[in-house]
Each structure stands twice: as structure tokens, then as C-alpha cells.
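The structure appears below as C-alpha cells.
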Amino acid sequence: MVTTRHLSGGWLRALYSALITCAVPFIYAYLWWHGRNNQAYRKRWAERGAWQSVPANVRRCVVFHCVSVGELMAARPLIEQFIQLNPHQPVAITTTTPTGSDLVRSIFGERVYHCYLPFDTPLAVRRFINRLRPRAIIILETELWPNLISQCYQANIRLMLLNARMSERSARGYQRARALMRPIWQALDGVVAQDNASAERFIQLGCLAERVHVPGNIKFDVQVNSSTKQAIDGFKPLLNGRQVITFGSTHEGEETIALAAFKQVLKSKPQALLILVPRHRERFDSVALMVEDSGLSMVRRSSGRPVTPDTQVLLADSMGEMLLWFGVSTLATIGGSLIERGGHNPLEAMAFGLPIVSGRHVFNFEDVYRQLDARQAVRWVSNEDQLRDTWLGLLVETGTAQRIGAQAQQLFARHRGATQRTLTLIAQTMAAGSSGRTQGELATMRFDQALVTQQPQQQHFNVEFWQRLGQQHGHAGGRNLAYFIQAENALSPLPMVLRHYYRGGLVGKVNRDWFLHAGSKPARSIAEFELLQWMYQQGLPVPRPIAARVHKVALWYRADILIERLPCDDDVFGRLKQAPLQEAVWFKIGQTIRQMHDHGVYHSDLNCHNILVREATQDVWLIDFDKCERRNKDQSAGEWQQSNLDRLRRSFDKESGLHQGFHFSDQDWKQLMQGYQTGKASTSQQPPIQPEGSA
């Protein structure tokens, strides 16, 4: 049974639909006028209205929408990996510009279906959905069309924003249209933000907080493929060791400044070469005229002529070759920053370890530039004179230039890995969207794609399934059992613990395991899964979450979770029943709790059963994060941290009173508190994970 969803704000969307429908003739007129410089704008108009025929094998595709070249190049590694991981899943890529379209065909060929995204009129969007019948639409960055999102929401098509950014300036604009846009934000099944500031703004605009994630910026995972490496190796000999400045993604007004500054640089560095890379194809000819008027000798990339020793400017009038130009450069300047366009992505330049020069208008990439600035890995300029002096200084002081570039490259390397984390979020969102619904029941799942060999099914949360396979070995936990599943099992290469969620106290005697949905708050297993995932990514000593399930019936649900089984000896309670712990282990326990608190994590049930140890290596882990949460670590002057410690002490005292020969003393607690006060523990007991920077 398929359930239809509806959005509020209907009359505003009807007004918007009427206005955009009336605008369609003027949009076609604009495309015709734009076609003076690029005939491609006058072609394939049927796709703008979704009138084209679509092959049957494309239906039920996953659509990636990339506005143009920049978004497509950023998404390329992710889309490539998605295709490899899902070889039988049809994939479509939509763009809005001919340059983006050409690049899709050049990179992906027949592996994907490609068309333009239609105008956002109700009828065009309906035709688009009916022809493709997509499983999911994944939009790169922040291209929001109300009718597209509304109709996808109503048709139960998963909607995600990927690598999404939201500047303060853009947020103010969306806030002014909040009556129209707030239902649109709430319709999104997932928002994968580039940085913490963007994530906060998406939530403030109306996105559901539990659907907003910050796995990192996928542009940090830019890859130099073999053909680009060959092009770089082939181009460098033509330069004969010349120093090269690449000014990438320039806009109107920037080339004039760059040419004037470069003419001054040539007086001291006559062998220098400037590579100009205009952002938009339709400006290639006008920029060529500017260079000619400046009196500088020029070669256009499109001419096929080689760069000679006399060439002073190479006009890169091609698309999709930015990696080539940065690969042969000495230093980089990023366009859109000397004028109020908000700047462009500096990550490709960072990947090559280039010193970066930028104007101050970088609000589109404020988080990346903030980190560069903190490491003194960017040089700021505001006008022609500053640009000239900075270029010349970096060309002369090569040691300084190399140190600046190395700082940028190190920052780039630390943030890699966002693509894999984003693929996991895509898989989880699609899995949640494809859950079966029968007889009023609904199952929702989350899982880490990197830790499973197949998509989890209902049976994987049933202990009888594992017992039939002979893969369940042991259990723990008394009346509320946690079951141990062997490594290399039917779901994951990791050994696992399967845990069902039970109620405690008096309520648990009459209602053992049913929980009432609490508004927009995630179910307990999903909340614990997301918290553990974030904690592990921060390097905290916790088990990796593998999968979580919520089994819903009407307003109630049951929940289960599968987590990694840790290589411990026992929990602290079990260990102390047998023998005392070494002083160094008590010290490490205190450090580990402090580390958790320093990351703002409140453990609602911190006790001696939820601390695991491996005494030979002095490893310590914390477990059982049901009903736990992240808090402001400075909140209430440390009161919540102290309440955690008090609860832990009470658990030791309680077990000492219940069990004769329980090996705990005041001296042990003193060692624990010394570890806590000393500071955070080492995280060497698990492989390093690239930081998300946020939950």
C-alpha cells in the first residue's frame, strides 16, 4: 500500500505555480537570446518541458541533479562510487546548462540517462516524474524548486540535498520567503550539509534536525584520474619550468584587475605565465578581447596552439579542466572573490598544495576559508595593487609559498572521507523510504553501508534467525539479553551484539517493550545509532553501530540495534567480582569518561556495567548509550558532568554492598578521579576516522 503525503502552504504554492507558468515564454526567449553565443541553448527544448521520450529501463532510477559544471565535478567521485556499489540501479543525471550537459556525456557516456531538469511548472514536473518514476532525487548543493519537491513528496519519492551549503546571506533571503519555503524544507528526507554553520541555518529555516547531517564536504574527495595525470605530465614540459599563476572561475570585473596586476608582475618576473579560466563559457570571447586589448600575448586553449616561451596569457576556454590547470601551477587565485559573488571552491587548488590567493568575498565557502585563514594558508587581497604585490611576493619567496601550500594540502588531507560517509547516508535514506508497509505496520532502518555486506532485513534483528544459522554464540545482560553474533556472519564481517530495547521500572512490568512516538524526536534505536556513529567519528572509544531498526504499529514502536562486539575481557562489574583492577586501568577509565564529557556527551546511565576493559592493553570502552545525548559541555557550570560521576560512584557502592568480595575501594575511585582531572585519554585503540566536525 502506498501512502500519499501532502504539504501545507497550498495557496502560496498555487500563486508561485501561476507566476512561473506565466514566465515560461520569457524563459524560452531568454534561452534564445543566450543562444547567440552558444547555440546549445536553442536546442533540446522538449526536455525543458519534460516532453522527451524516456527509455523503459530508466524507470525507478536515482536522479542526481547537478546544476552545472562545478556541482557535477564535485559529485563525480560520489556518483562513480554509487554506480559501482549499485550496478543494477538505473541512474539519471540532470543539469540546467549545456556546459553541464556536455560534461555529463563526456564523463559518464551511456552509463547514465541524462536530460535537462524541466522548468518548475506543475505540468512539466508531473510529466518528468511520470516518465522517470524515480526512487529518489538527490540535489547537489542548494537548488530548490517548490513544485518539484512538493510533487516528489506527494509521490513518496525520497528527496535529499547533498553537499548543501547555506550562507548567512542566502538564509536571510529564504527567511523572507518562509511562508512558501518552510513546508519545502520540512519535506526533505535528508540534508547533507557541508559544514556546521550551514547545518544550523537549515534547521533554523525549518529542516527537521534529525535529518540534517554533516559528514564533511565531498569536494575534499576530489580525485585526479589517470587521464588528468597524463595531461599534467604532458603539459608541464611545454612550460620549461616557468612559474604559473592560475586564476580560476573568474567573473566579469576580475579579469581586468588580474591583467593589470599581471602586467606589473612581468616587470620583475618576465617568464611568468597567467592562466585565466572564466567561469562561464559564454564569456570566453569577451575575455579574449580583454587580453588582446591589454597588449599581452595570448594563446587560447581551444585553438590547439602550443604555449611558447613568448606566451604571457593562456586563456583556458574549455570546460572541466580545472584540475589540469592547478596541476601545472605555482600558485592559485580563486575567482568570484574580488567581486560580491561569494567566491568559489578552493579545494582543487588545496589538493595540489598550492598557495591560495583570494578576495574577501567568500561567503559561499566561509567555513573552508575560515579554516585556511586559521592556518595562515590563504593570502587576502582587495584590489589590483594588493593582488600584484601578493603574486610577486609568492613568486619571489618560494619557501614561503611552499609552506603556505603545504598547510592547505594538510587541511585538505584531514577532511577526506566525506564521500563514503555521504554514500552511507544516501543508502540509509533510501532504505527508510523503501521500507514495506503491511497491515498498518512499518519498519524503518538505519545502517552503515561500510560495515555490512548487504542491506539489512527484518530477519537480521531476530535472534532466532542467527540461531538457525549457528552464528549466535553467547549472551549477556540478565533478563534483558544482548546476543553475541560471530564475525564473518550473514550481515557483516564484524562480530556483533544484537540488543532489543526494553522498558524499565514499574512501567516495564505491564508494557515490556512498546514505546510511544515522541513528536519529531527519533526513535530510541535511531537516536543511539546516530550518537554512536558521531562519537566513533570523533575518535571516542565506543562500539561502531552497524544497523538499527524501528518496528512501528500505529503510534507505538519496538526497537533493536546491532553494534560491533568489542574485544574486551569483561565489563568493570564482572572484572571486579573476580579480582582488583590495576591502578593504570582505573586512571584510564577516568580519562575516558573525561574524554566523553569534553565532547559534550551525557551518559544517562553511567555505571560499572557500561564500562568495558581489556586489562592487558589497558583499553577502556563505554557502551549502552540509550537515552543519552549531546550537551553543551559548559552548560550549568559542570553540573551534568558531576551527576554522571556521582551516578557511577553510587553504582560501585551499590555493588560493593550486594556482593561480598567485590574488589572496589576509595583508593580505586581516587585513581579514577585523578585520570578524569588529568584530561582526555588517547584514542589509539581504534583506527583514525576523518572528523565530521559536527553531528
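The values are calculated or read from the model by the stated rules, or taken from the named source; none is laboratory data. Remember, it's a predicted structure, so these values are computed and weren't measured experimentally. No Cβ is skipped: glycine too gets one built from the backbone with ideal geometry, and neighbour counts run over all protein chains shown.
For the range 620-670, give me each residue that is in contact with an Asp or Glu (Cβ under 6 Å, 6 or more places away or on another chain) and not hydrophobic (A, V, I, L, M, F, W, C).
The first filter runs over the range 620-670 and keeps only residues in contact with an Asp or Glu (Cβ under 6 Å, 6 or more places away or on another chain), leaving 625-626, 662.
Scanning the range 620-670 gives a single hit, ASP626.
Do any helices (runs of 4 or more DSSP H) lying entirely in the range 191-306 carry at least 3 residues that are within 19 Å of the chain's Cα centre (by Cα), and which ones are they? Talk me through it step by step, then tell me what you get.
On the way: elements: 196-205, 226-239, 254-268, 284-294.
Those helices (runs of 4 or more DSSP H) span 196-205.
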Across (1) in contact (Cβ under 8 Å) with a residue 24 or more places away in the chain; (2) under 30 Å from GLN409 (Cβ atoms), VAL291 clears everything bar (2)
Would a scan of the range 579-588 turn up a residue that is in contact with a strand residue (DSSP E or B) (Cβ under 9 Å, 6 or more places away or on another chain) and of a type outside the set (Lys, Arg)?
-> yes
In the range 32-71, residues that are under 27 Å from ALA164 (Cβ atoms) and outside any loop (DSSP other than H, G, I, E, B) total 10
Exactly one of ARG131, ARG182, ARG169, ARG127 is modelled with pLDDT under 90, farther than 28 Å from ARG446 by Cβ, among the basic types (Lys, Arg) and not in a strand (DSSP E or B), and that residue is ARG169
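Output yes when any residue across the range 142-162 is in contact with a Gly (Cβ under 6 Å, 6 or more places away or on another chain), within 30 Å of GLU629 (Cα to Cα) and in contact (Cβ under 8 Å) with a residue 60 or more places away in the chain, and no when none is. Show your work before the answer.
So in the range 142-162, the residues in contact with a Gly (Cβ under 6 Å, 6 or more places away or on another chain) come out as 158, 160.
After this cut, where a residue has to be within 30 Å of GLU629 (Cα to Cα) as well, the list is 158, 160.
Filter once more, keeping what is in contact (Cβ under 8 Å) with a residue 60 or more places away in the chain: 158, 160.
Yes: the range 142-162 contains one or more residues that are in contact with a Gly (Cβ under 6 Å, 6 or more places away or on another chain), within 30 Å of GLU629 (Cα to Cα) and in contact (Cβ under 8 Å) with a residue 60 or more places away in the chain.
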Among (1) more than 13 Å from ALA50 (Cα to Cα); (2) polar (S, T, N, Q); (3) out of contact with any strand residue (DSSP E or B) (no Cβ under 8 Å at 6 or more places or on another chain), ASN130 falls short only on (1)
If we scan the range 84-92, do we find a residue that is over 21 Å from ILE426 (Cα atoms) and either assigned to a loop (DSSP other than H, G, I, E, B) or touching a residue at least 60 places away in the same chain (Cβ under 8 Å) (or both)? no
Check: Taking the stated definitions as given, is ASP570 touching a helix residue (DSSP H, G or I) at 6+ places or on another chain (Cβ under 7 Å), acidic (Asp, Glu) and either surrounded by fewer than 21 Cβ atoms within 10 Å (Cβ to Cβ) or assigned by TED's automatic domain parsing to the domain that holds TYR501 (or both)?
Finding: no
For the range 207-231, pairs from a residue that is within 24 Å of PRO346 (Cβ to Cβ) to a residue that is at pLDDT 85 or above and among the aromatic types (Phe, Trp, Tyr), with Cβ under 7 Å and 6 or more apart or across chains, are PHE220/PHE412
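Please go through the range 331-344 and give me each residue that is farther than 19 Å from ASP233 by Cα and buried (at least 22 other Cβ atoms within 10 Å of the Cβ), ordered by number. Steps first, answer last, please.
Step one: of the range 331-344, the residues farther than 19 Å from ASP233 by Cα are 333-344.
Selection gives THR333, ILE334, GLY335, GLY336, SER337, LEU338, GLY343, HIS344.
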Only unsatisfied item for ALA584, checking (1) under 19 Å from GLN674 (Cα atoms); (2) among the hydrophobic types (A, V, I, L, M, F, W, C); (3) surrounded by 21 or more Cβ atoms within 10 Å (Cβ to Cβ), is (3)
Filter the range 603-661 for residues that are among the aliphatic types (A, V, I, L, M) and surrounded by fewer than 16 Cβ atoms within 10 Å (Cβ to Cβ); the one that is modelled with the highest pLDDT is LEU658
Only unsatisfied item for ARG105, checking (1) of a type outside the set (S, T, N, Q); (2) within 20 Å of THR419 (Cα to Cα); (3) in a helix (DSSP H, G or I); (4) touching a strand residue (DSSP E or B) at 6+ places or on another chain (Cβ under 7 Å), is (2)
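Okay, residues lined up against (1) modelled with pLDDT of 90 or more; (2) surrounded by fewer than 18 Cβ atoms within 10 Å (Cβ to Cβ); (3) farther than 28 Å from MET181 by Cα; (4) basic (Lys, Arg):
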site	(1), (2), (3), (4)
ARG13	no, no, no, yes
SER17	yes, no, no, no
THR21	yes, yes, no, no
TYR30	yes, yes, no, no
ASN38	no, yes, yes, no
TRP51	yes, yes, no, no
VAL58	yes, no, yes, no
ILE93	yes, no, no, no
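Return yes or no: is THR422 surrounded by 15 or more Cβ atoms within 10 Å (Cβ to Cβ) and either touching a strand residue (DSSP E or B) at 6+ places or on another chain (Cβ under 6 Å) or part of a helix (DSSP H, G or I) (or both)?
Details: surrounded by 15 or more Cβ atoms within 10 Å (Cβ to Cβ): yes; either touching a strand residue (DSSP E or B) at 6+ places or on another chain (Cβ under 6 Å) or part of a helix (DSSP H, G or I) (or both): yes.
Taking the combined requirement at face value, the residue satisfies it.
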Considering the range 553-564, residues that are out of contact with any helix residue (DSSP H, G or I) (no Cβ under 6 Å at 6 or more places or on another chain) and crowded, with 19+ Cβ neighbours inside 10 Å, and then whichever is farthest from GLY661 (Cα to Cα), we arrive at TYR557
